Amino acid sequence: MDKEPEDLFARLSAEGRQLVPVSYRFLHASPLAVATVMRLVDSQPYRATGYVCSAFHKPISKCCSQDDV
Amino acid sequence: MILIFSQSAMEPTTEEVMDWLEALGARSLRLNGEDLDGGAVCFRVDGPEVTLHFDATTVAGAEPAAKTIALPLAEVGAVWFRRWLQERRHEMVSLLDGPSAEDHQLHHGLRRHLTLESRKLGDFLFSRLADRPWLSHPRRASLNKLDVLIRAAQAGFATPATLVTTERDELRRFCLDCRGTAGAVITKPIGEVDMFIAGERSHFIFTASLDLEAIDALPERFAPSLFQERIEKAYELRVFYLAGELYAMAIFSQLDPQTRTDFRRYSRERPNRMVPFRLPAETADRLRLLMEDLRLETGSADLLQARDGRVVFLEINPVGQFGMVSKPCNYHLERKLAEALIRKELDGQRA
């Protein structure tokens, strides 16, 4: 079976390619870093519960940094 | 009680502001958009009174025996709209099974209705708190990039030549017109940037640069797309605005080819230098004028110091991450924001 191309634009149908803006042709692809995934896994209990009061201690700060966006 | 609207993931700023609220003696409660999207929270409407009920196990500091925690909205003294729901559960899964699974029209109809239901619930909450002091109301958190560009020009800023088109030939002419600057154009979303995750790869819509060769490779027609002249920059400026005060940072992104067009293509090995920056009085005045025009009390403005001497306005993100300005510049914005919220609550009590 053929492997799907890594370029997301290449995976769009002919109709799909006509419907997306030009910026979709220049998407920046990067592998999801293992460290990022692990931080997200670590934060799962907090993200699942969601709301926290003022006594809550640092749930996600250590889990996601700006360079993961 | 200060009620914070936020989101669960990728939002470290909210926790840091909550830490400061606690340290400064204020009470706060955080509600993530996801909590309304199938979380353990319910609304009770009793005549004119509305109460939020939370599952007590999700609220730190709750009495061990308590099953639910009630928050009458009347007790909310101020509201911080940080962020809200990004992806709804029904948008992430296939809703149809069996032979119907390929019925895209039906799938779209179901998702559209569920999205509207979800929006109405959030809107109800915002509407019931309309008379409280807000730090940026959600109605004003969704800006239109093109509208803001026009308002910035009216405020006296230089703005990039801009084109929205569906035609390659028109884009080619625009690019040739821009030859006086960098001989190329950039494209970016008309709305928000986004990231798509496919398998083990993420695909991010960064600002991309196109020269004539890239333009000639495009089809004759494409979906409406935003293009701007590419401006040769000396450095970028990210300015956080909080209730009249400006906190600016210069980002030296132009020397690294990876970050030259979009500094968010972070270089981990050789990060861009980011330093505190004193804005010229004229730029500061224009920015304050623009923020007042947009009726925003917080927001992150992106500007360029062009090589030709102009300070060029690019855009404003009303809910941008300000930790990236606060930390390198030692501005302690998290504390300043907590103090602003406490002032809001006190102002509300006096009113």
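Going residue by residue through the range B:155-163, is there one that turns out to be within 12 Å of chain A (Cβ to nearest Cβ) and surrounded by 17 or more Cβ atoms within 10 Å (Cβ to Cβ)? Among the residues of the range B:155-163, at least one is within 12 Å of chain A (Cβ to nearest Cβ) and surrounded by 17 or more Cβ atoms within 10 Å (Cβ to Cβ), which makes the answer yes.
B:Leu171 meets all of the listed conditions (1) touching a Leu at 6+ places or on another chain (Cβ under 6 Å); (2) within 11 Å of chain A (Cβ to nearest Cβ); (3) crowded, with 18+ Cβ neighbours inside 10 Å but one, namely (1).
The residues on offer are B:Phe5, B:Phe43, B:Phe54, and the sole one that is at the interface with chain A (Cβ under 9 Å from one of its Cβ atoms), aromatic (Phe, Trp, Tyr) and not in a helix (DSSP H, G or I) is B:Phe54. Residue check: is B:Phe206 in contact with an Asp or Glu (Cβ under 8 Å, 6 or more places away or on another chain) and of a type in the set (A, V, I, L, M, F, W, C)? Yes. Of the residues contained in the range B:320-336, one or more are found to be farther than 19 Å from B:Ser253 by Cβ, charged (D, E, K, R), over 18 Å from the mean Cα position of the chain (by Cα) and at pLDDT 90 or above. On the stretch given as the range B:19-30, residues that are within 7 Å of chain A (Cβ to nearest Cβ) and either touching a residue at least 40 places away in the same chain (Cβ under 8 Å) or in contact with a helix residue (DSSP H, G or I) (Cβ under 7 Å, 6 or more places away or on another chain) (or both) total 4. Just give me the residues in the range B:215-225 being in contact (Cβ under 8 Å) with a residue 60 or more places away in the chain and surrounded by fewer than 20 Cβ atoms within 10 Å (Cβ to Cβ), in sequence order. Across the range B:215-225, the qualifying residue is only B:Pro224. The set of residues from the range B:38-58 being in contact with a helix residue (DSSP H, G or I) (Cβ under 7 Å, 6 or more places away or on another chain) and at pLDDT below 75 comprises B:Gly38, B:Ala40, B:Val41, B:Thr58. The test for being touching a strand residue (DSSP E or B) at 6+ places or on another chain (Cβ under 8 Å), at pLDDT below 95 and β-branched (Val, Ile, Thr) does not hold for B:Val312. Taking the range B:198-223 as the range and being over 16 Å from A:Gly16 (Cβ atoms), more than 7 Å from every other protein chain (Cβ to nearest Cβ) and of a type outside the set (Asp, Glu) as the test, the residues that pass are B:Gly199, B:Thr207, B:Ser209, B:Leu210, B:Leu212, B:Ala214, B:Ile215, B:Ala217. Only a single criterion out of (1) of a type outside the set (Gly, Ala, Ser); (2) within 9 Å of chain A (Cβ to nearest Cβ); (3) touching a strand residue (DSSP E or B) at 6+ places or on another chain (Cβ under 6 Å) is not satisfied by B:Arg238, namely (2).
Could you run through the range B:105-146 and say how many residues are of a type in the set (Ser, Thr, Tyr) and in contact with a strand residue (DSSP E or B) (Cβ under 9 Å, 6 or more places away or on another chain)?
Number of matching residues: 1.
The values are calculated or read from the model by the stated rules, or taken from the named source; none is laboratory data. The structure displayed is predicted, hence computed values, not measured ones. Note: ideal-geometry Cβ built from the backbone for every residue, glycine included; neighbour counts use all protein chains shown.
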